[in-house]
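See below for the structure under consideration.
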Amino acid sequence: MKLNQLPLGTRFEYQGKILTKTGPMTGATEKGGSVFIPKFAVLKAVDGEAPPPPPEAARTVDADTVLAAFEAYHGTAMRLVDESGRMALAAARARFMGALDHDDGSA
């Protein structure tokens, strides 16, 4: 496990020492000294400590659902603005749709 997975106050083992997480990259020894923990460090769980929570699953949204919501929003916005506003919104819509055409293909 990595330090960024642990909440503050969690005990862990690093280089044979039992430490308590005190900051984003620091741990305190049982005697009160501070130790820098590099991001790449692999830590061991200490008996009696809860393991870190599993990472949250990435949220996915269907591309067709996003486009339908965007078009509904765009239609409402177009009805609420004057002619110069509609021109600006049309240009913004074109940029938005163009950005989707040039992405990694996941949309």
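Values quoted throughout were computed directly from the atomic coordinates according to the rules given, and no laboratory measurement underlies them. The model shown is predicted, which means the values in this text are computed figures rather than measured ones. Counting neighbours? That spans all protein chains shown, and the Cβs are built from the backbone with ideal geometry, glycine included.
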> Taking GluC sites (Glu not before Pro) as exposed when DSSP calls them loop (any state but H, G, I, E, B) and at most 10 other Cβ atoms lie within 10 Å, what is the longest stretch of the chain free of them, the sites themselves excluded?
Replying inline: 57-107
>> Quick check on the exposure proxy: order Leu43, Leu3 from fewest to most C-beta atoms within 10 angstrom.
In response: Leu43, Leu3
> Which angle between 0 and 90 degrees, to the nearest 10, do you get for helix 83-101 versus the longest principal axis of the chain when only C-alpha atoms count?
Replying inline: 50
>> What do you get for the angle between helix 63-80 and the principal long axis of the chain? Use alpha-carbon atoms, 0 to 90 degrees, nearest ten.
In response: 50
> region 1-53: which trypsin sites (Lys or Arg not before Pro) are DSSP loop and have at most 12 other beta-carbon atoms within 10 angstrom?
Replying inline: Lys31, Lys39
> Given the rule -39500 (n - 2.57) for each run of at least 4 DSSP H residues, summed and divided by the residues of the chain, what is its mean residue ellipticity at 222 nm, to the nearest 500 deg cm²/dmol?
Replying inline: -12000 deg cm²/dmol
>> Quick check on the exposure proxy: order Tyr14, Tyr73 from fewest to most C-beta atoms within 10 angstrom.
In response: Tyr73, Tyr14
> Of (1) 11.4; (2) 5.8; (3) 6.4, which one was derived for mean projected area of the Cα convex hull in nm² from the structure shown?
Replying inline: (1)
